[in-house]
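Here's the structure, in structure tokens; my notes come after.
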């Protein structure tokens, strides 16, 4: 009995050890890499400090992508490849930002524009031009017309869709889609779940509403062609990560277990 308890204890210690380890020992994965950002620049909201990547690190991460030969994709690139059942370039990356924060324009966009790199933003449509910390429609238009930034829906009010009725969910999905399409003059086909809150009911309503690709918050790299059994996975880029950690995000979809 004592031996069994010792073995169990050793296993628990080993599992605890693994839980704190980085993923360098896992085999690299091939497929579509989707990076999830929120804020770029100096911290302006302490409650979200972990989501702020300073401009120097963001620039260095982009340089690492360039040096590694990645192809930068837009929402429409992924949508078209999926619809037409076409392959993506061997090293493809989709840079995404959630919510539509003001610093996406003031801090991230100048760096992206300087390096001529595509990026994509999921908008909380109801917050645009309504809250000072968020983008204005004029800023959205400027970025979109510049040809590097594309936009998709993150719902109207960033609500946890699983907790809503079907009618409420459809309102979040359809109103945000309609407003975006009117503002941008193009069809919006991609959706990102606020808080990653999704189930089969919610997913079915997303596709019924005219979206063809959905993005979640589950970590990982996506095999291509995408089988649509689950939302697109994303690598969470957070404050305090090194460039070595960023390499693990690109090749394993996460830097820690």
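The values are calculated or read from the model by the stated rules, or taken from the named source; none is laboratory data. Computed from a predicted model, the values in this text were never measured in an experiment. Reconstructed Cβ throughout: ideal geometry from the backbone, glycine too, with neighbour counts over all protein chains shown.
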(request) Specify the residue that is surrounded by the fewest Cβ atoms within 10 Å (Cβ to Cβ); the eligible residues are those in the range 106-141 that are free of Cβ contacts under 8 Å to residues at least 24 places away in the same chain and within 28 Å of residue 70 (Cβ to Cβ). (result) 114
(request) Report whether or not residue 193 is modelled with pLDDT of 95 or more, crowded, with 20+ Cβ neighbours inside 10 Å and under 20 Å from residue 81 (Cα atoms). (result) no
(message) Quick test for you: out of 174, 184, 135, pick the one residue that is out of contact with any strand residue (DSSP E or B) (no Cβ under 9 Å at 6 or more places or on another chain) and at pLDDT 95 or above.
(response) 174
(request) Can you work out which of the residues in the range 24-46 that are farther than 20 Å from residue 214 by Cα and in a strand (DSSP E or B) is nearest to the chain's Cα centre (by Cα)? (result) 39
(request) Could you identify the single residue in 138, 172 that is out of contact with any helix residue (DSSP H, G or I) (no Cβ under 9 Å at 6 or more places or on another chain) and outside any loop (DSSP other than H, G, I, E, B)? (result) 138
(request) Report whether or not residue 111 is in a loop (DSSP other than H, G, I, E, B) and in contact with a helix residue (DSSP H, G or I) (Cβ under 8 Å, 6 or more places away or on another chain). (result) no
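Please work out if residue 228 is assigned to a loop (DSSP other than H, G, I, E, B), surrounded by fewer than 17 Cβ atoms within 10 Å (Cβ to Cβ) and in contact with a strand residue (DSSP E or B) (Cβ under 7 Å, 6 or more places away or on another chain).
So residue 228 does not fit the description; no.
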(request) Among the candidates 188, 206, single out the residue that is part of a loop (DSSP other than H, G, I, E, B), buried (at least 21 other Cβ atoms within 10 Å of the Cβ) and in contact with a helix residue (DSSP H, G or I) (Cβ under 7 Å, 6 or more places away or on another chain). (result) 188
(request) Find the residue count for the range 183-195, including only residues that are more than 15 Å from residue 151 (Cα to Cα) and without any contact (Cβ under 8 Å) to a residue 24 or more places away in the chain. (result) 0
(request) Test residue 86 against the stated conditions and say whether it is more than 17 Å from residue 253 (Cα to Cα), touching a helix residue (DSSP H, G or I) at 6+ places or on another chain (Cβ under 9 Å) and either in a loop (DSSP other than H, G, I, E, B) or at pLDDT below 95 (or both). (result) yes
(request) Go through (1) without any contact (Cβ under 8 Å) to a residue 60 or more places away in the chain; (2) more than 23 Å from residue 109 (Cα to Cα); (3) within 18 Å of the chain's Cα centre (by Cα); (4) buried (at least 16 other Cβ atoms within 10 Å of the Cβ) and name the single condition residue 174 misses. (result) (3)
(message) Residue under question is residue 179, and the condition is that it be modelled with pLDDT of 95 or more, more than 19 Å from residue 38 (Cα to Cα), surrounded by fewer than 23 Cβ atoms within 10 Å (Cβ to Cβ) and touching a helix residue (DSSP H, G or I) at 6+ places or on another chain (Cβ under 9 Å); does it hold?
(response) yes
